[in-house]
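Novice: Before I ask anything, let me first share the structure, which is written out below as C-alpha cells.
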Amino acid sequence: MSATAPTPTSPVGPTPTPPPTAAEPAVLLDRVYRSYPDGSGTTAALAGVSLALAPGSFTAVMGPSGSGKSTLLNVSAGLDRPSSGRVVVGGSDLTAMSPDAVTRLRRDRIGFVFQAYNLVGHLTVAENIALPLLLGGREPDAHLRRYLVAAVGLEGLEDRLPGELSGGQAQRVAIARALITRPAVVFADEPTGALDSHTGGQVLEVLRSTAQTLQQTLVLVTHDAHVAAAADRVLFLADGLIAGHLDAPTTEQVTARMIELGR
Ligand SMILES: Nc1ncnc2c1ncn2[C@@H]1O[C@H](COP(=O)(O)OP(=O)(O)O)[C@@H](O)[C@H]1O
Ligand SMILES: [Mg+2]
C-alpha cells in the first residue's frame, strides 16, 4: 500500500512527496511540565515529557499511581494546560490557542473516555451519544450513530436511561459518545477501571477495534498487560517522566517491564 495520497497537480509543478517519517504527528508533546502547588512548594506531575504519536497509532500508557498518567492525558487532550512546554494536536498548538479555541478543537477533534463514564442521567443512551454533536451545533450523523451503536453492542438499548444500564453498557455509551464526532485522537483514562475484568476486556476490544476501523489515534491508560500488549507502543511513566517504552511488545515483556519499574 502506498503511504501517501496522490499529489494534486500544482501550477508550479509537482510537490515533492515527503517521506512517511515526515508525517505530522497526531499528538506532539515538547518538553511538557505540569506542576501543582503542594504545601509550601510544588509537585511536578509532569517533569519534562516529550513524545510524538503517529496518526492511527495505538499507545498504551502504564505506570504506578501518581506517576502522571492522567495529567499526561489531560494536557494532551486540552483538558488541562501545561505549566510550560508545547502540546500540538493534529498540527494545532493547544498551548498557543485561546481557551475557547481549545474547547472547540477538543469538541471537534478529540474524544475522551473517563473511568467514571460521566453520562448525563436524564438523557437516553441515544441522546448521550449525540450530545457532543448537539453541543457543537451539529446534526447527528444517523449512519455513524447506527454504526457506533452496533459496534459497541448497544442495539435495542437506545431509549434507556443511564440508571438502567450496567457498568459495561454505560462505558460502551461513553465510548460511542467519544467517537460520534469522528475525532482524530481518542484518549481513554483507565476506561475499564470500574469494570470486572471480563467486561473490561470486552469494552477495551470495542474501543480498540472501533478506533482502528475509524483510523483514529488511540491513547489508553491501563494497568492490564494483556491490553497494553495489543498496542503499537507502551509508554511507561514514573515520577512525571517517561521511564521507558516497548514497541509491539508481548504480554510477557510488558509484565517484565512493569516488575522492573516497581509495579
Ligand atoms: N489537581 C491536582 N492538584 C494537585 N496535585 C495534583 C492534581 N492532579 C494531580 N496531582 C498530583 O500529580 C501527580 C500525578 O497525578 P496523576 O496524573 O493523577 O497520576 P496517575 O494518573 O498516574 O495516578 C500526583 O502526585 C498527584 O497527586
Ligand atoms: Mg490517573
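The values are calculated or read from the model by the stated rules, or taken from the named source; none is laboratory data. For clarity, every value in this text was computed on a predicted model and none was experimentally measured. Positions of Cβ are backbone-derived with ideal geometry, glycine not excepted, and every protein chain shown enters the neighbour counts. SASA here: full protein model, heavy atoms, side chains in, ligands and nucleic acids out. Shrake-Rupley method; radii C 1.70, N 1.55, O 1.52, S 1.80 Å.
Novice: From GLU158, GLU139, which residue is free of Cβ contacts under 8 Å to residues at least 60 places away in the same chain, under 11 Å from THR181 (Cα atoms) and out of contact with any strand residue (DSSP E or B) (no Cβ under 9 Å at 6 or more places or on another chain)? Spell out how you get there, then give the answer.
Specialist: On the way: GLU158 fails: under 11 Å from THR181 (Cα atoms).
Sole residue among the options that is free of Cβ contacts under 8 Å to residues at least 60 places away in the same chain, under 11 Å from THR181 (Cα atoms) and out of contact with any strand residue (DSSP E or B) (no Cβ under 9 Å at 6 or more places or on another chain): GLU139.
Novice: Same structure again: Please specify each residue of segment 208-236 satisfying the condition of being within 23 Å of ARG182 (Cα to Cα) and part of a strand (DSSP E or B).
Specialist: THR217, LEU218, VAL219, LEU220, VAL221, ARG233
Residue by residue, here is whether (1) more than 24 Å from GLU158 (Cα to Cα); (2) within 16 Å of ligand 1 (Cβ to nearest atom); (3) assigned to a helix (DSSP H, G or I) holds:
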position	(1), (2), (3)
ALA174	no, no, yes
VAL186	no, no, no
GLY244	yes, yes, no
VAL254	yes, no, yes
MET258	yes, yes, yes
GLY262	yes, yes, no
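Novice: Among the candidates LEU165, LEU218, which residue alone is more than 14 Å from the chain's Cα centre (by Cα) and at pLDDT 90 or above? Give the steps one after another, and end with the answer.
Specialist: Working: LEU218 fails: more than 14 Å from the chain's Cα centre (by Cα).
Just one listed residue meets the conditions, LEU165.
Novice: Then there is this: Please go through segment 143-164 and pick out each residue that is at positive phi and touching a helix residue (DSSP H, G or I) at 6+ places or on another chain (Cβ under 7 Å).
Specialist: Residues of segment 143-164 at positive phi: 153, 156.
Scanning segment 143-164 gives a single hit, GLY153.
Novice: Next question, about the same structure. Tally up the residues in segment 22-66 that are within 23 Å of ILE110 (Cα to Cα) and among the hydroxyl-bearing types (Ser, Thr, Tyr), please.
Specialist: Here the count works out to 4.
Let's see how each residue does on (1) at pLDDT 50 or above; (2) surrounded by 10 or more Cβ atoms within 10 Å (Cβ to Cβ):
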{"site": "MET1", "(1), (2)": "no, no"}
{"site": "THR7", "(1), (2)": "no, yes"}
{"site": "ALA23", "(1), (2)": "yes, yes"}
{"site": "ALA26", "(1), (2)": "yes, yes"}
{"site": "TYR33", "(1), (2)": "yes, yes"}
{"site": "GLY39", "(1), (2)": "yes, no"}
{"site": "PRO64", "(1), (2)": "yes, yes"}
{"site": "SER67", "(1), (2)": "yes, yes"}
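Novice: Yes or no: segment 209-217 includes at least one residue that is touching a residue at least 40 places away in the same chain (Cβ under 8 Å), in contact with a helix residue (DSSP H, G or I) (Cβ under 9 Å, 6 or more places away or on another chain) and more than 22 Å from GLY56 (Cα to Cα). Spell out the reasoning first.
Specialist: First, the residues of segment 209-217 that are touching a residue at least 40 places away in the same chain (Cβ under 8 Å): 209-213, 215-217.
Add one more test, that the residue is in contact with a helix residue (DSSP H, G or I) (Cβ under 9 Å, 6 or more places away or on another chain), and what stays is 209-211, 213, 216-217.
Among the residues that remain, those that are also more than 22 Å from GLY56 (Cα to Cα) are: none.
No, every residue in segment 209-217 fails to be touching a residue at least 40 places away in the same chain (Cβ under 8 Å), in contact with a helix residue (DSSP H, G or I) (Cβ under 9 Å, 6 or more places away or on another chain) and more than 22 Å from GLY56 (Cα to Cα).
Novice: Another question, then. Could you list all residues from segment 141-156 that are under 17 Å from THR210 (Cβ atoms) and either open to solvent by less than 70 Å² (accessible area, probe 1.4 Å) or of a type in the set (Asp, Glu) (or both)? Break it down into steps so the answer makes sense when it comes.
Specialist: Let us first name the residues in segment 141-156 that are under 17 Å from THR210 (Cβ atoms), namely 141, 143-155.
Answer for segment 141-156, where residues must be under 17 Å from THR210 (Cβ atoms) and either open to solvent by less than 70 Å² (accessible area, probe 1.4 Å) or of a type in the set (Asp, Glu) (or both): ASP141, LEU144, LEU148, VAL149, ALA150, ALA151, VAL152, GLY153, LEU154, GLU155.
Novice: If a residue has to be at positive phi and of a type in the set (A, V, I, L, M) to count, how many in segment 208-263 make the cut?
Specialist: As a first pass, look at segment 208-263 and keep what is at positive phi: 215, 239-240, 244, 248, 262.
Okay, now just the ones that are also of a type in the set (A, V, I, L, M), so 248.
Result for segment 208-263: 1.
Novice: From the residues in segment 115-164 that are within 24 Å of ASP196 (Cβ to Cβ) and in contact with an Asp or Glu (Cβ under 7 Å, 6 or more places away or on another chain), which one is nearest to ligand 2 (Cβ to nearest atom)?
Specialist: If we filter segment 115-164 for residues that are within 24 Å of ASP196 (Cβ to Cβ), which is where we start, we get 115-119, 121, 125, 128-129, 148-157, 160-164.
Still in the running and in contact with an Asp or Glu (Cβ under 7 Å, 6 or more places away or on another chain): 115, 125, 149.
Values: GLN115: 8, VAL125: 27, VAL149: 29 Å.
Looking at residues that are within 24 Å of ASP196 (Cβ to Cβ) and in contact with an Asp or Glu (Cβ under 7 Å, 6 or more places away or on another chain), I get GLN115.
Novice: Same structure again: Filter segment 231-256 down to residues that are over 24 Å from VAL75 (Cα atoms) and open to solvent by less than 60 Å² (accessible area, probe 1.4 Å) and give me whichever is farthest from the chain's Cα centre (by Cα).
Specialist: Restricting attention to segment 231-256, the residues satisfying the condition of being over 24 Å from VAL75 (Cα atoms) are 248-256.
From what's left, open to solvent by less than 60 Å² (accessible area, probe 1.4 Å): 249, 251, 254-256.
Numbers: PRO249: 20, THR251: 21, VAL254: 20, THR255: 22, ALA256: 25 Å.
Only one residue fits best here, namely ALA256.
Novice: Got a number for residues in segment 58-102 being part of a loop (DSSP other than H, G, I, E, B), in contact (Cβ under 8 Å) with a residue 60 or more places away in the chain and in contact with a strand residue (DSSP E or B) (Cβ under 6 Å, 6 or more places away or on another chain)?
Specialist: Filtering segment 58-102 down to residues part of a loop (DSSP other than H, G, I, E, B) leaves 63-68, 77-83, 90-91, 97-98.
If we keep only those that are in contact (Cβ under 8 Å) with a residue 60 or more places away in the chain too, we end up with 63-64, 67-68, 77, 90-91.
This time we only want the ones that are in contact with a strand residue (DSSP E or B) (Cβ under 6 Å, 6 or more places away or on another chain), so: 63, 67-68, 77.
Number satisfying all stated conditions: 4.
Novice: Okay, next question. So, in segment 48-71, how many residues would count as being of a type outside the set (Val, Ile, Thr) and over 20 Å from GLU260 (Cβ atoms)?
Specialist: Taking segment 48-71 as the starting set, the residues that turn out to be of a type outside the set (Val, Ile, Thr) are 48, 50-58, 60, 62-70.
Narrowing further to those that are over 20 Å from GLU260 (Cβ atoms): 48, 50-58, 70.
Going through segment 48-71 one residue at a time, the tally reaches 11.
Novice: I'd like the residue in segment 184-215 that is open to solvent by less than 10 Å² (accessible area, probe 1.4 Å) and under 25 Å from LEU28 (Cβ atoms) and, out of all such residues, is farthest from ligand 2 (Cβ to nearest atom).
Specialist: Of the residues in segment 184-215, the ones open to solvent by less than 10 Å² (accessible area, probe 1.4 Å) are 185-188, 191, 200, 203, 207, 210-211.
Narrowing further to those that are under 25 Å from LEU28 (Cβ atoms): 185-188, 191, 207, 210-211.
On the way: VAL185: 18, VAL186: 17, PHE187: 12, ALA188: 11, PRO191: 12, LEU207: 17, THR210: 23, ALA211: 20 Å.
Only one residue fits best here, namely THR210.
Novice: When you go through (1) more than 16 Å from ligand 1 (Cβ to nearest atom); (2) open to solvent by 40 Å² or more (accessible area, probe 1.4 Å); (3) within 16 Å of the chain's Cα centre (by Cα) one by one for LEU79, which number turns out not to apply?
Specialist: Among (1) more than 16 Å from ligand 1 (Cβ to nearest atom); (2) open to solvent by 40 Å² or more (accessible area, probe 1.4 Å); (3) within 16 Å of the chain's Cα centre (by Cα), LEU79 violates only (1).
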